[in-house]
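The values are calculated or read from the model by the stated rules, or taken from the named source; none is laboratory data. If you're wondering where the values come from, they're calculated on a predicted model, not measured in any experiment. Here the Cβ positions follow ideal geometry from the backbone for every residue, glycine too, while neighbour counts run over all protein chains shown. Note: areas computed on protein heavy atoms with side chains; ligands, DNA, RNA excluded. Shrake-Rupley method; radii C 1.70, N 1.55, O 1.52, S 1.80 Å.
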Amino acid sequence: SAGVSDEELGNPVDPRAGDLLRREGLDASAHAAQVFDPARFADRDLVLALDLVHWRRLRALAPDAPAAEKVRLLREFDPAVAGSEHTELGIYDPWYGGAEDFETTYGMIAAAVPGVVRAVAGELDAGLPGTGRARGARPRGIPCNAASAMVTPSASSSVPLHTRRPGSGFDRAC
């Protein structure tokens with residue numbers, strides 16, 4: 001995961017998020033905030049943002065229109081919100097809330113991750129037009145540990161969940 005500003009650079013996961021993740025069997029203790037490097041667009045097929053502000057900022061960082069199209073909101077992959085307005089798909093940071101807000105955020109993320117996995121699997125099964133990669137090749141920028149950390153409770157790798165203060169410009173992008 002990475003943010004769109006350096007305000008939280010190097011910081012660990014918010015303790016409330018860390019507590020929730022531990023209860024879910026996930027270890028985010030080694031996670032430290034980092035800044036999204038626009039050079040990553042060259043070797044990523046999908047860049048995920050949690051909220052609309054960061055979706056817009058990531059698209060603005062893209063070097064060209066095809067790279068900007070790689071940026072998607074995580075909840076676009078949640079079938080429960082299919083048909084919702086794009087402006088309703090953001091997952092906003094629970095920083096100023098309580099534990100229940102972190103639970104809500106986690107629930108939204110967890111609901112979308114299986115859709116991401118299905119979409120990536122579909123791309124792999126179909127081959128990736130225009131990429132030159134053969135059928136069955138793993139897309140760049142979709143680290144196996146990012147998806148499995150949210151889907152498999154025993155995963156102990158990097159977790160695509162971090163928090164920021166509203167307006168700080170920090171969010172995730174995989």
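Quick one: accessible area per residue over segment 1-102, 1.4 Å probe, rounded to a whole number of Å²?
Heavy-atom SASA per residue in segment 1-102 reads 51 Å².
Tally Lys and Arg at +1 and Asp and Glu at -1 over the other residues with C-beta under 14 Å from the C-beta of Gly83: what net charge comes out?
-3
Quick one: which of 20-29, 71-80 comes out on top by average Cβ neighbours within 10 Å, and what's the full order, highest first?
Output ranking for 20-29, 71-80: 71-80, 20-29.
How much length would be gained if the chain were fully extended between Ala121 and Glu103, taking 0.36 nm per residue of separation minus their Cα-Cα distance, in nm to one decimal? Don't skip to the answer; put the middle values down first.
Working: separation 18, 0.36 × 18 = 6.48 nm, distance 2.75 nm.
Taking Ala121 through Glu103 to full extension adds about 3.7 nm, to one decimal.
Explain nothing, just the number: dipole magnitude of segment 1-128 about its Cα centre with +1 on each Lys and Arg Cβ and -1 on each Asp and Glu Cβ, in debye rounded to the nearest 20.
200 debye
Which of the peptides 40-52, 81-93 is most tightly packed, and how do the rest follow, going by the mean number of other Cβ atoms within 10 Å of each residue?
Numbers: 40-52: 19.6, 81-93: 14.3.
With the highest mean Cβ count within 10 Å placed first, the list reads 40-52, 81-93.
Using a cut-off of 9 Å between beta-carbons, work out the net charge of the residues near Ala99 (Lys and Arg +1, Asp and Glu -1, Ala99 not included). Show your work: numbers first, answer last.
On the way: positive: Arg16; negative: Asp19, Glu100, Asp101, Glu103.
Overall, the nearby charge balance is -3.
May I ask you to order 8-15, 53-60 by the average number of other C-beta atoms within 10 Å around their residues, highest value first? Working shown, then result.
Values: 8-15: 15.5, 53-60: 18.8.
So the order, starting with the most tightly packed, is 53-60, 8-15.
Tell me which residues come under 5 Å, amide H to amide H, from Val35 once H is placed; ignore anything under 5 positions away on its chain.
For Val35, whose amide H was placed from the backbone, the distant partners under 5 Å are Gly3.
Residue by residue through segment 60-73, which ³J(HN,Hα) values in whole Hz follow from phi under the Karplus form 6.51 cos²θ - 1.76 cosθ + 1.60 (θ = phi - 60°), with glycine and proline marked x?
Karplus-based 3J(HN,Hα) across segment 60-73 equals 5, 6, 5, x, 7, 4, x, 5, 4, 5, 6, 7, 9, 7 Hz.
Across every pair of different alpha-carbon atoms, what Kirkwood hydrodynamic radius in Å does segment 36-76 reach?
After inverting the mean inverse Cα-Cα distance, the result is 9.9 Å.
Counting only C-alpha contacts under 8 Å and six or more residues apart, can you give the relative contact order of segment 1-135 as a whole percent?
Numbers: 155 pairs, mean separation 25.3, N = 135.
Relative contact order here is 19 percent.
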